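Accompanying notes for the structure given below.
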Amino acid sequence: MTDEALPRLLTLMGSGETSPTMVKVHREILERLGARPVPSVLLDTPFGFQENANELTQRVQLYFRESLSTTITNASGIDPDDPTQAEPRFLSEALTTNIRRSRYVFSGPGSPSYALRQWQETIVPQLLSEKISTGGAVTFASAAALTLGALTVPVYEIYKVGMDPYWLEGLDLLSLFGIHAAVIPHYNNAEGGTHDTRFCYLGERRLHMMEEMMPDQAFVFGIDEHSSCTLDLDEMTATMGGIGTITIRKNGDSTIYNSGERIAIADLLAGTRPSSHSRTSTHNVNAGTPSGGGATPPEATALLLDLVQGAEQSFHLALAGGDSPEATSVILDLEQSFHEWSTDSPGQDDLLRARAALRAMIAEFGAAAVEGMRDPRERLAPFMEILIALRQSARAERRFSDADAIRDQLIALGIELKDAPEGTNWSIS
């Protein structure tokens with residue numbers, strides 16, 4: 001496949017960009033980019049200021065290698081195995097060459113405002129625009145996705161520092177598709193629990209304030225966590241992926257698109273659906289209720305904490321039933337899930353909670369092993385047969401006091417006898 005024949009794609013991801021939930025989305029894009037190997041680069045600027053930047057790069061490379069059978073190199077030319085290499089992770093001849101030679105450009109978590117400070121007034125926006133316009137795929141997730149619109153939310157400055165809501169000028173790559181919007185990933189975030197952290201931690205109140213500051217014709221392009229929207233410049237279509245929804249929000253009204261749907265960008269811009277309409281007012285949405293609609297598609301991968309919850313239920317059922325092989329299988333399957341999710345950098349807190357749940361299972365399994373998981377009836381059955389026979393003999397010989405003594409001693413030990421015409425049954429109370 002020649003460069004001229006390459007599709008022209010821009011994919012926005014809400015989160016989970018290096019988790020099992022996004023494998024299908026990445027794979028489908030890579031399969032459209034010609035013969036393997038597909039030259040792929042990581043634009044690591046959004047997290048370039050972090051002390052663990054090299055470690056994050058290694059996680060991305062591990063994910064692409066193990067989950068996608070693809071080698072992704074660092075666009076800046078920095079070797080993540082060399083701890084002496086740090087900033088700058090941009091503005092180099094190697095970066096320009098690597099991006100232009102690539103067919104797939106990926107960027108993810110970090111700080112959107114930091115990334116914009118490094119990219120604006122450089123060749124990076126031009127390189128990305130060229131990639132989309134001339135052939136290839138650009139996939140931006142989380143912090144990087146925030147920079148793609150005409151406006152960018154400075155998340156950390158508002159949510160963590162406490163600055164009044166305001167907009168930054170974005171890279172405006174969406175304008176290639178005629179879209180004048182602000183991209184907001186983590187749209188359905190519910191980490192706040194008792195407070196509203198939807199809309200990339202802004203919450204409804206602050207998002208509404210920022211909407212009041214938007215220029216005319218601009219709107220919110222919301223992407224749920226573990227969800228994606230791939231824009232095709234050749235076909236002028238938008239394809240939804242992942243396990244959540246995409247929301248086009250204009251003047252407080254939202255049109256929701258479900259995973260698996262493919263619509264014309266013209267419909268996306270109009271905030272309409274080709275067939276049925278799904279519009280809801282979001283100004284009065286309950287602050288604790290995540291946005292989004294539609295059922296999770298059957299092929300979607302469960303989130304890590306959902307896997308943990310299911311594993312805990314299966315484990316306790318196996319333990320209660322004395323099924324040690326099944327309990328062991330549940331623990332081993334969950335441990336394998338940790339390996340699959342280990343490259344999800346933003347999900348490390350969930351990974352820690354999941355590991356705590358696994359340790360609790362192992363401890364409970366160990367305690368059960370001390371007591372023994374074999375049904376106690378199996379161990380007691382031979383002895384009970386002897387005692388029941390002795391009691392029956394005593395009753396037949398009219399030695400009722402001896403028969404009653406056997407029964408009373410068994411009751412004291414927690415074993416109840418029930419006489420019936422067909423014989424004597426016993427149970428452990």
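The values are calculated or read from the model by the stated rules, or taken from the named source; none is laboratory data. These figures come from a predicted structure and were not determined experimentally. Heads up, the Cβs are rebuilt from the backbone with ideal geometry, glycines too, and the neighbour counts pull from every protein chain shown.
A residue that is assigned by TED's automatic domain parsing to the domain that holds Gly203 and surrounded by 21 or more Cβ atoms within 10 Å (Cβ to Cβ) occurs nowhere in segment 159-167. As a summary of the residue check, Asn425 satisfies the conditions (1) part of a helix (DSSP H, G or I); (2) farther than 30 Å from Val60 by Cβ; (3) at pLDDT 75 or above except for the one numbered (1).
Hey, any hits in segment 189-196 for a residue that's of a type in the set (Val, Ile, Thr) and within 21 Å of Gly252 (Cβ to Cβ)? No, because not a single residue in segment 189-196 is of a type in the set (Val, Ile, Thr) and within 21 Å of Gly252 (Cβ to Cβ). Scanning segment 18-35 for residues that are closer than 16 Å to Ala141 by Cα and either of a type in the set (S, T, N, Q) or free of Cβ contacts under 8 Å to residues at least 24 places away in the same chain (or both) yields a total of 3.
Here is a list: Glu378, Glu385, Glu364. Which entry is out of contact with any strand residue (DSSP E or B) (no Cβ under 8 Å at 6 or more places or on another chain), exposed (fewer than 10 other Cβ atoms within 10 Å of the Cβ), within 30 Å of Ser324 (Cβ to Cβ) and charged (D, E, K, R)? The match here is Glu378.
Would you call Asp196 acidic (Asp, Glu), within 27 Å of the chain's Cα centre (by Cα) and surrounded by fewer than 15 Cβ atoms within 10 Å (Cβ to Cβ)? No, not satisfied. In this structure, Ala238 does not satisfy being crowded, with 16+ Cβ neighbours inside 10 Å, touching a helix residue (DSSP H, G or I) at 6+ places or on another chain (Cβ under 8 Å), at pLDDT 80 or above and assigned to a helix (DSSP H, G or I).
Residues checked against (1) among the β-branched types (Val, Ile, Thr); (2) surrounded by fewer than 20 Cβ atoms within 10 Å (Cβ to Cβ); (3) under 26 Å from Met22 (Cα atoms); (4) at pLDDT below 95:
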site	(1), (2), (3), (4)
Arg65	no, yes, yes, yes
Thr97	yes, yes, no, yes
Arg103	no, no, yes, no
Pro109	no, no, yes, yes
Thr122	yes, yes, no, yes
Leu128	no, no, yes, no
Ser133	no, yes, yes, no
Val138	yes, no, yes, no
Asp172	no, yes, yes, no
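Taking segment 1-80 and the strands (runs of 3 or more DSSP E) fully enclosed by it, the elements with 3 or more residues that are under 23 Å from Ile265 (Cβ atoms) are at 8-13.
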